[in-house]
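Take a look at the structure set out below.
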Amino acid sequence: MAGLAKNQLHMVEVTGYTAEGLGVARIGGQVVFIHGGVRGETCTVQVLKVQKQVAFAKVRQVLVPAPGRQAVDCPHYPACGGCALRHLTYDEELEAKRQRVEDALRRIGGADIAVSEILPSPQVLHYRNKSQFPVGRDGTIGFYRARSHTVIPVSDCLLQRPEANRAAQALGRYMSRYAVPGYDETTGTGLIRHLYVRTSAAGASLVCVVANGAQLPHEAQLVELLREACPGITGVVLNSNTRETNVILGESYRTLWGSDRLEDTLCGLRFVLSVPSFYQVNREQAERLYQRAIEMAGLTGQETVLDLYCGTGTITLAMAGRARRVLGAEIVAPAIEDARNNAVRNNIANAEFFCGDAGAVAERLAAEQLRPDVITVDPPRKGLGEEVIPAIARMAPERVVYVSCDPATLARDIKRFAGVGYRLAEAVAVDMFPRTSHVETVVLLSKLKCDLIISNDT
């Protein structure tokens, strides 16, 4: 990029944000993404890297501060990569996320719609009910440094529940006391890879230690240290992951003490979760998200609802009390087992669950002439597989409720839905992950052209 060079200092005015929460400015007509930049402020920035289409910089001095800037409340920020927006006021963070969703729906999805609302999280501190602490080869327990796989020590993360922070400290004491090595991903040696903690609203915790092997030295002492640090622990599980992969959990589990399940309540229902089960990490905000999804579904008690990517059945079972029949599909077998047990636990008799890939299940149900009134989808960050949307169209539901954790893939899929006769009728942003750049969205898609839908059966 002509005219810009690394380490140069420039005065800029920040005009907006990227999807990752970086400030956006221009220097001599060139776009620059600024770490720590706040919309509306004038600042001096130092150029860090110059690429063909864009440059990156960081704030060196704020000359005219914007109302959206606040003092950082975490000593690990911004070195730790867990948060991206701690320098913003919460109101500014919400507006940045709302604008991000609206921009994606318009630019990528081609939808002429305003996202007029973003639901703020009731909690912005210690809201995560699932914690995943990586362990460095030197035994450091914390989180990855931003844009790296180097683990930096974090003893009291402001996103995690206090029980999870105490469990991480207890694991550190165990590793130090018994000289248990951390995992070295470059050589595949060492033992402790991750600490994985689920915590219920009542403060009970399920702790899982992920190891490069099937055994740990001094397992009884590890359990003792964890129970001392977190009296509410219901179980300690060892997960064996010996693969050279960035995937956190392996396939083998062994219970060292207590139960391998944790119970929580959501939307008035009781859910029992295993370690790998999908469950929203912000429980209070998940209830608000699911309530909005139920409202969009427009249920009267007479509908058949199909829930793809159902996880442990949270959305499925939340809708069961408002529908005649609900069906859920999920590829993770333990999650489906949990979903079926959760239906029994809550005395829900009108729910069925299928284990399988969402696309394959949708195609099979479409071939079986299932005609649900409403289909809900809550896919992973990559969005819907290419085969899912045509299969949904063949089932011809009146409404599709799409819950998304990535505005870009949501917008892409909305454009695909438009091609099979579904229009975007409503969109609400939901701040499920305060202080990070991530944002959840729930949208309603309505069937537009019956003749176009029917033509897809041929």
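Taking the conditions exactly as written (crowded, with 21+ Cβ neighbours inside 10 Å and either of a type in the set (Phe, Trp, Tyr) or touching a residue at least 24 places away in the same chain (Cβ under 8 Å) (or both)), does Gly328 satisfy them or not? Steps first, please.
Numbers: crowded, with 21+ Cβ neighbours inside 10 Å: yes; either of a type in the set (Phe, Trp, Tyr) or touching a residue at least 24 places away in the same chain (Cβ under 8 Å) (or both): yes.
Spelling it out, Gly328 is indeed crowded, with 21+ Cβ neighbours inside 10 Å and either of a type in the set (Phe, Trp, Tyr) or touching a residue at least 24 places away in the same chain (Cβ under 8 Å) (or both).
Among strands (runs of 3 or more DSSP E) lying entirely in segment 100-196, which contain 3 or more residues that are without any contact (Cβ under 8 Å) to a residue 60 or more places away in the chain and touching a Cys at 6+ places or on another chain (Cβ under 6 Å)? Talk me through it step by step, then tell me what you get.
Details: elements: 130-134, 142-144, 151-153.
Result: empty, no element qualifies.
Would you mention how many residues in segment 139-188 are hydroxyl-bearing (Ser, Thr, Tyr), over 26 Å from the mean Cα position of the chain (by Cα) and buried (at least 16 other Cβ atoms within 10 Å of the Cβ)?
Of all residues in segment 139-188, those hydroxyl-bearing (Ser, Thr, Tyr) come to 140, 144, 148, 150, 155, 174, 176, 178, 183, 186-187.
Now narrow it down to the ones that are over 26 Å from the mean Cα position of the chain (by Cα): 174, 176, 178, 186-187.
After this cut, where a residue has to be buried (at least 16 other Cβ atoms within 10 Å of the Cβ) as well, the list is 174.
Adding up the residues that qualify gives 1.
Restricting to segment 378-418, and then to whatever is assigned to a helix (DSSP H, G or I) and not hydrophobic (A, V, I, L, M, F, W, C), can you tell me which residue is farthest from the chain's Cα centre (by Cα)?
Going residue by residue through segment 378-418, those that are assigned to a helix (DSSP H, G or I) are 388-395, 407-418.
Add one more test, that the residue is not hydrophobic (A, V, I, L, M, F, W, C), and what stays is 390, 394, 407, 409, 412-413, 415-416.
Working: Pro390: 26, Arg394: 29, Pro407: 12, Thr409: 14, Arg412: 18, Asp413: 18, Lys415: 23, Arg416: 23 Å.
Here the answer is Arg394.
Give Leu226, Leu216 a once-over and let me know the one that is over 15 Å from Asp138 (Cβ atoms) and under 28 Å from the mean Cα position of the chain (by Cα). So that I can check it myself, show each step before the final result.
Details: Leu216 fails: under 28 Å from the mean Cα position of the chain (by Cα).
From the options Leu226, Leu216, the qualifying one is Leu226.
Evaluate segment 279-294: report whether one residue or more is among the aliphatic types (A, V, I, L, M), over 19 Å from Val237 (Cβ atoms), assigned to a strand (DSSP E or B) and in the same structural domain as Pro434 (by TED's automatic domain parsing). Walk me through how you get there before you give the answer.
Within segment 279-294, the first condition is being among the aliphatic types (A, V, I, L, M), and the residues that meet it are 281, 286, 289, 293-294.
Now restrict to residues that are over 19 Å from Val237 (Cβ atoms): 286, 289, 293-294.
Subsequent filtering for residues that are assigned to a strand (DSSP E or B) retains none.
Checked against the condition, which is being among the aliphatic types (A, V, I, L, M), over 19 Å from Val237 (Cβ atoms), assigned to a strand (DSSP E or B) and in the same structural domain as Pro434 (by TED's automatic domain parsing), segment 279-294 yields no hits at all.
When segment 67-99 is examined, which residues are found to be over 30 Å from Asp112 (Cβ atoms), part of a loop (DSSP other than H, G, I, E, B) and of a type in the set (A, V, I, L, M, F, W, C)?
Answer for segment 67-99, where residues must be over 30 Å from Asp112 (Cβ atoms), part of a loop (DSSP other than H, G, I, E, B) and of a type in the set (A, V, I, L, M, F, W, C): Ala71, Val72, Cys74, Ala79, Cys83.
Condition test on Val403, is it closer than 20 Å to Gln291 by Cβ, in contact with a Phe, Trp or Tyr (Cβ under 8 Å, 6 or more places away or on another chain) and either of a type in the set (D, E, K, R) or in contact (Cβ under 8 Å) with a residue 40 or more places away in the chain (or both)?
Working: closer than 20 Å to Gln291 by Cβ: yes; in contact with a Phe, Trp or Tyr (Cβ under 8 Å, 6 or more places away or on another chain): no; either of a type in the set (D, E, K, R) or in contact (Cβ under 8 Å) with a residue 40 or more places away in the chain (or both): yes.
So Val403 fails the test.
Suppose we filter Leu262, Leu195, Leu226 for residues that are of a type outside the set (Phe, Trp, Tyr), at pLDDT below 95 and crowded, with 19+ Cβ neighbours inside 10 Å; which single one remains?
On the way: Leu195 fails: at pLDDT below 95; Leu226 fails: at pLDDT below 95.
Testing whether each residue is of a type outside the set (Phe, Trp, Tyr), at pLDDT below 95 and crowded, with 19+ Cβ neighbours inside 10 Å leaves just Leu262.
Being farther than 26 Å from Ala323 by Cα and either at pLDDT 95 or above or surrounded by fewer than 19 Cβ atoms within 10 Å (Cβ to Cβ) (or both) is the requirement here; does Lys449 meet it? Can you show your working first?
Working: farther than 26 Å from Ala323 by Cα: no; either at pLDDT 95 or above or surrounded by fewer than 19 Cβ atoms within 10 Å (Cβ to Cβ) (or both): yes.
Spelling it out, it is not the case that Lys449 is farther than 26 Å from Ala323 by Cα and either at pLDDT 95 or above or surrounded by fewer than 19 Cβ atoms within 10 Å (Cβ to Cβ) (or both).
Quick grid of which residues meet (1) buried (at least 18 other Cβ atoms within 10 Å of the Cβ); (2) closer than 26 Å to Glu284 by Cα:
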{"site": "Ala351", "(1), (2)": "yes, yes"}
{"site": "Gln369", "(1), (2)": "no, no"}
{"site": "Glu387", "(1), (2)": "no, no"}
{"site": "Pro390", "(1), (2)": "no, no"}
{"site": "Tyr422", "(1), (2)": "yes, no"}
{"site": "Ala427", "(1), (2)": "yes, yes"}
{"site": "Met432", "(1), (2)": "yes, yes"}
{"site": "His438", "(1), (2)": "yes, yes"}
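Given the criterion buried (at least 18 other Cβ atoms within 10 Å of the Cβ), touching a residue at least 40 places away in the same chain (Cβ under 8 Å) and within 21 Å of the chain's Cα centre (by Cα), identify the matching residue among Ala96, Ala57.
Numbers: Ala57 fails: within 21 Å of the chain's Cα centre (by Cα).
Going through Ala96, Ala57 in turn, just one is buried (at least 18 other Cβ atoms within 10 Å of the Cβ), touching a residue at least 40 places away in the same chain (Cβ under 8 Å) and within 21 Å of the chain's Cα centre (by Cα): Ala96.
Taking Val151 and the conditions (1) modelled with pLDDT of 95 or more; (2) over 30 Å from Ala179 (Cβ atoms); (3) hydrophobic (A, V, I, L, M, F, W, C), which numbered condition does it fall short on, given that it satisfies the others?
Unmet for Val151, out of (1) modelled with pLDDT of 95 or more; (2) over 30 Å from Ala179 (Cβ atoms); (3) hydrophobic (A, V, I, L, M, F, W, C): (2).
What's the total number of residues in segment 5-45 that are farther than 28 Å from Pro407 by Cα and surrounded by fewer than 17 Cβ atoms within 10 Å (Cβ to Cβ)?
Going through segment 5-45 one residue at a time, the tally reaches 9.
From Ala297, Ala211, which residue is closer than 24 Å to Gly383 by Cβ and over 22 Å from the mean Cα position of the chain (by Cα)? Talk me through it step by step, then tell me what you get.
Values: Ala211 fails: closer than 24 Å to Gly383 by Cβ.
Sole residue among the options that is closer than 24 Å to Gly383 by Cβ and over 22 Å from the mean Cα position of the chain (by Cα): Ala297.
Residues in segment 332-360 that are over 16 Å from Val401 (Cβ atoms) and either touching a strand residue (DSSP E or B) at 6+ places or on another chain (Cβ under 7 Å) or assigned to a strand (DSSP E or B) (or both): how many?
Residues of segment 332-360 over 16 Å from Val401 (Cβ atoms): 332-357, 359-360.
Remaining after also requiring either touching a strand residue (DSSP E or B) at 6+ places or on another chain (Cβ under 7 Å) or assigned to a strand (DSSP E or B) (or both): 333, 336, 338-343, 345-346, 350-356.
The number of residues fulfilling the criteria is 17.
Of all residues in segment 351-371, how many are closer than 17 Å to Pro390 by Cα and not small (Gly, Ala, Ser)?
Just the residues of segment 351-371 that are closer than 17 Å to Pro390 by Cα, to begin with: 357-371.
With the extra rule that they be not small (Gly, Ala, Ser), the set shrinks to 357, 361, 363-365, 368-371.
Residues flagged as closer than 17 Å to Pro390 by Cα and not small (Gly, Ala, Ser) within segment 351-371 amount to 9.
Going by what's in this entry, would Leu4 be described as in contact with a helix residue (DSSP H, G or I) (Cβ under 7 Å, 6 or more places away or on another chain) and part of a loop (DSSP other than H, G, I, E, B)?
Values: in contact with a helix residue (DSSP H, G or I) (Cβ under 7 Å, 6 or more places away or on another chain): no; part of a loop (DSSP other than H, G, I, E, B): yes.
It is false that Leu4 is in contact with a helix residue (DSSP H, G or I) (Cβ under 7 Å, 6 or more places away or on another chain) and part of a loop (DSSP other than H, G, I, E, B).
Go through Asp91, Asp103 for me and flag whichever is acidic (Asp, Glu), farther than 14 Å from Val14 by Cβ and out of contact with any helix residue (DSSP H, G or I) (no Cβ under 9 Å at 6 or more places or on another chain).
Numbers: Asp103 fails: out of contact with any helix residue (DSSP H, G or I) (no Cβ under 9 Å at 6 or more places or on another chain).
On inspection, the qualifying residue turns out to be Asp91.
What is the number of the single condition among (1) crowded, with 24+ Cβ neighbours inside 10 Å; (2) within 17 Å of the chain's Cα centre (by Cα); (3) of a type in the set (D, E, K, R) that Asp338 does not meet?
Looking at each condition in turn, Asp338 falls short on (2).
The values are calculated or read from the model by the stated rules, or taken from the named source; none is laboratory data. Note that the coordinates shown come from a computational prediction; the quantities given were computed from them, not determined experimentally. Note that each Cβ is placed from the backbone with ideal geometry, even for glycine, and that neighbours are counted across all protein chains shown.
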